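**Q** This is the structure, below, for whatever I ask next.
The values are calculated or read from the model by the stated rules, or taken from the named source; none is laboratory data. For clarity, every value in this text was computed on a predicted model and none was experimentally measured. FYI the Cβ positions are ideal-geometry reconstructions off the backbone, even for glycines, and counts take in every protein chain you see.
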Amino acid sequence: MKDGKFITLGIESSCDETAVSITADGRQVLSNIISSQIDVHKVFGGVVPEIAARHHLEQINGVLDEAMREANITFAEVDLIGATEGPGLIGAVLVGLSTAKALALALGKPLTGVHHIKGHISAAYLENADLTPPFLALILSGGHTDLIDVRSYQNLRVIGRTRDDAIGEAFDKVARVLGLGYPGGPKIDALAPSGTSGKVSFKRVMLEKDSLDFSFSGIKTGVLNYVNTEKQAGRLFNTADVAAEFEASVTDVIVAKTLSALSLTGYDKLVVGGGVASNSLIRQQFAQECALRGIALYIPSPVFCTDNAAMIACAAYYDHLAGKTDSLDLDAKATLEL
């Protein structure tokens, strides 16, 4: 405890960000330190799992020290250790989880493993004191595209998910086809406003009637086929127009399906999280559609959309309140059902 508040130390290392955060009473962020590996992986056009794990090992202690200094707390004042247990790159998850277990053992503190997607949902709590379940959550990231019925802090049910590529993966692959580089999401977000959607046409894949699932492999293939056809014919094409149409097509799909899910559940609150929730058009379209329908929209600031440890600390806090305490034989998991 510090000043009568419950202190949680959170660790996140599921992909290519090494992150440690300290929170008070779950939602007050005292520090949130992130060491990104983007510059390391961009030369490969994507994350290399073995290199990611190695960099987590190199960075974790320094990030931990900085988080403790910024929060101005001692280890004795920490009440709970929380860390991502999965899903994610197994070697990467192991680094953060092993660090958390070592701290829990050395300090005699309880340990709580956190589902990474529950962390992304919890990111919305950090800046919104009024937000409580139930609500609908849409998680858009490099590995996930999920519609989740959040009935309570602990009762979560996936009601729609991608059947192939996640939306972030589609952004990365399309950016690679267009020669924009990695990471694809920010590159397309920056280029698309200078183009015009509709000058090129890509299909909005809605799947079968009433389905809340997603599919992005078709749009990825559509962009690849268009670019290859134009190049083989010796025709010039406007890369910005392609980026704009791709961005518009996936945004149309996720907005339409999310509105259907809201109607189905009857909720008047929507949380949108994950790295792709930083996209300008996605944020704009959800803001417009929710305002028209009287839906309260919660989208975290970009720093809390991408992988960070504050969201993990917050999720760990609510898991702990519900009685979830893990033993030191807790394993890292590459896949993990919500």
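**Q** Of all residues in the range 263-279, count the ones that are hydroxyl-bearing (S, T, Y) and surrounded by fewer than 14 Cβ atoms within 10 Å (Cβ to Cβ).
**A** 1
**Q** I've got another one for you. Could you tell me which of the residues I139, I117 is assigned to a helix (DSSP H, G or I), in contact with a strand residue (DSSP E or B) (Cβ under 7 Å, 6 or more places away or on another chain), of a type in the set (V, I, T) and under 24 Å from C15 (Cβ atoms)?
**A** One residue alone meets the criteria, I117.
The rows are residues; the columns are (1) hydrophobic (A, V, I, L, M, F, W, C); (2) crowded, with 20+ Cβ neighbours inside 10 Å.
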position: A52; (1), (2): yes, yes
position: H56; (1), (2): no, yes
position: Q59; (1), (2): no, yes
position: G62; (1), (2): no, no
position: L80; (1), (2): yes, yes
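**Q** Considering only residues that are hydroxyl-bearing (S, T, Y) and assigned to a helix (DSSP H, G or I), which ones fall in the range 300-335?
**A** First, pick out the residues of the range 300-335 that are hydroxyl-bearing (S, T, Y): 301, 306, 317-318, 325, 327, 335.
Those that are hydroxyl-bearing (S, T, Y) and assigned to a helix (DSSP H, G or I): Y317, Y318.
**Q** (1) at positive phi; (2) free of Cβ contacts under 8 Å to residues at least 12 places away in the same chain: which one isn't true of G294, the others all being true?
**A** (2)
**Q** Sticking with this one: Being among the aromatic types (F, W, Y) and either at pLDDT 90 or above or assigned by TED's automatic domain parsing to the domain that holds P183 (or both) is the filter here; which residues of the range 1-47 pass it?
**A** We begin by selecting, within the range 1-47, every residue among the aromatic types (F, W, Y); these are 6, 44.
If the condition is that a residue be among the aromatic types (F, W, Y) and either at pLDDT 90 or above or assigned by TED's automatic domain parsing to the domain that holds P183 (or both), then F6 is the only one that fits.
**Q** Right, something else. Just wondering, is there one or more residues in the range 209-223 that are among the charged types (D, E, K, R), surrounded by fewer than 21 Cβ atoms within 10 Å (Cβ to Cβ) and at pLDDT 95 or above? Break it down into steps so the answer makes sense when it comes.
**A** Applying the first criterion (among the charged types (D, E, K, R)) to the range 209-223 yields 209-210, 213, 220.
When the remaining residues are screened for being surrounded by fewer than 21 Cβ atoms within 10 Å (Cβ to Cβ), the result is 209-210, 213.
Those left that are additionally at pLDDT 95 or above: 213.
Yes; the residues of the range 209-223 include at least one that is among the charged types (D, E, K, R), surrounded by fewer than 21 Cβ atoms within 10 Å (Cβ to Cβ) and at pLDDT 95 or above.
**Q** Ok, one more. What is the residue count in the range 127-158 for residues that are acidic (D, E), surrounded by fewer than 22 Cβ atoms within 10 Å (Cβ to Cβ) and closer than 28 Å to G185 by Cβ?
**A** 2
**Q** Here's a check for you: in the range 6-32, which residue that is on the phi < 0 side of the Ramachandran plot and among the small types (G, A, S) is farthest from the chain's Cα centre (by Cα)?
**A** A24
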